[in-house]
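Below is one structure; the comments refer to it alone.
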Amino acid sequence: MAYLDDLFNWLRDFSSSPWFYAILFAIALVDSILPIVPSETLVIIGGVSAGSGSLSIVAVIACAAVGAFIGDNLSYLIGVRASGFITRRYSRTARGKRRLEQAIHQIHERGGLLLITARFIPGGRTLLTLSCGVTKQPRKWFIRWTIIAAAIWANYAALLGFIGGKTFSGNHTLAFLVAFGCAIGISVVIELIRFVMKLRRGTKKSA
């Protein structure tokens with residue numbers, strides 16, 4: 001456990017710096033376009049640090065939400081400007097074509113609520129925001145729903161960490177582990193719900 005304590009002590013020191021706000025904003029923005037950066041992890045770390053009194057929870061939520069919102073809208077604009085290229089890219093393989101068609105179908109079927117649920121699915125949110133741009137969904141509609149989605153996502157991740165930081169203020173390692181464990185558990189539950197709903201829709205269509 002010693003190496004874990006060292007790691008989380010480093011994370012505590014790192015997340016206590018005022019520069020953490022700028023890094024959090026940048027990572028949340030980039031993750032919306034290139035889903036290779038664990039932005040939720042960073043938001044949770046910020047929440048834990050805020051819970052221990054090192055950062056402001058309001059500032060953590062604001063930086064994460066604004067970064068995510070701008071990133072989602074940049075992804076949308078990329079979809080608008082490069083709709084032809086993106087369509088050709090995803091159409092190269094049967095799997096890619098199917099994923100793009102499913103995303104477009106879901107946009108028309110479920111509308112803005114899908115933008116909220118997709119924000120909690122790394123990779124899925126990027127494909128969806130790109131698809132909204134590719135299919136040229138109304139810009140005002142997209143902005144309205146991405147504001148809601150980014151706010152919910154940022155509050156969820158930051159407050160999860162904040163509660164862990166408050167509850168285990170004397171043990172930063174445990175605070176991080178509990179917050180991450182809860183985040184993973186919630187993600188699993190969301191995926192199970194999506195899977196069950198998909199099965200039900202398939203059953204209704206075949207009936």
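Which ones in the stretch 15-38 are polar (S, T, N, Q) and in contact with a Leu (Cβ under 8 Å, 6 or more places away or on another chain)?
S15, S16, S32
Which members of the stretch 82-121 meet the condition of being of a type outside the set (D, E, K, R), at pLDDT 80 or above and crowded, with 20+ Cβ neighbours inside 10 Å?
If the condition is that a residue be of a type outside the set (D, E, K, R), at pLDDT 80 or above and crowded, with 20+ Cβ neighbours inside 10 Å, then L114, L115, A118 are the ones that fit.
Which count do you get for residues in the stretch 143-163 that are within 11 Å of F69 (Cβ to Cβ) and buried (at least 23 other Cβ atoms within 10 Å of the Cβ)?
So the count comes out to 5.
Assess whether I45 counts as being crowded, with 24+ Cβ neighbours inside 10 Å, of a type outside the set (F, W, Y) and either over 29 Å from V134 (Cβ atoms) or modelled with pLDDT under 90 (or both).
yes
Go through the stretch 84-94 and count every residue that is over 23 Å from the mean Cα position of the chain (by Cα) and either closer than 13 Å to V134 by Cβ or assigned to a helix (DSSP H, G or I) (or both).
7
Determine, yes or no, whether G79 is under 18 Å from the mean Cα position of the chain (by Cα), at pLDDT 80 or above and in a helix (DSSP H, G or I).
So G79 does not fit the description; no.
Take L100 and decide whether it is in contact with a helix residue (DSSP H, G or I) (Cβ under 9 Å, 6 or more places away or on another chain), within 13 Å of D72 (Cα to Cα), of a type in the set (A, V, I, L, M) and in a helix (DSSP H, G or I). Let's see the steps before the verdict.
Details: in contact with a helix residue (DSSP H, G or I) (Cβ under 9 Å, 6 or more places away or on another chain): yes; within 13 Å of D72 (Cα to Cα): no; of a type in the set (A, V, I, L, M): yes; in a helix (DSSP H, G or I): yes.
When the stated conditions are applied, L100 does not pass them.
For (1) modelled with pLDDT under 60; (2) within 20 Å of G47 (Cβ to Cβ); (3) hydrophobic (A, V, I, L, M, F, W, C), each residue gets a yes or a no:
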{"position": "T135", "(1), (2), (3)": "no, no, no"}
{"position": "F142", "(1), (2), (3)": "no, no, yes"}
{"position": "T146", "(1), (2), (3)": "no, no, no"}
{"position": "L159", "(1), (2), (3)": "no, yes, yes"}
{"position": "G164", "(1), (2), (3)": "no, yes, no"}
{"position": "A175", "(1), (2), (3)": "yes, yes, yes"}
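Results for (1) over 13 Å from the mean Cα position of the chain (by Cα); (2) in a loop (DSSP other than H, G, I, E, B); (3) without any contact (Cβ under 8 Å) to a residue 12 or more places away in the chain; (4) surrounded by fewer than 24 Cβ atoms within 10 Å (Cβ to Cβ), shown as yes or no for each residue.
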residue: A26; (1), (2), (3), (4): yes, no, no, yes
residue: T41; (1), (2), (3), (4): no, no, no, yes
residue: L55; (1), (2), (3), (4): yes, yes, no, no
residue: C63; (1), (2), (3), (4): yes, no, no, no
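The values are calculated or read from the model by the stated rules, or taken from the named source; none is laboratory data. What you are looking at is a predicted structure, and each value in this text was computed from that prediction instead of being measured. Reconstructed Cβ throughout: ideal geometry from the backbone, glycine too, with neighbour counts over all protein chains shown.
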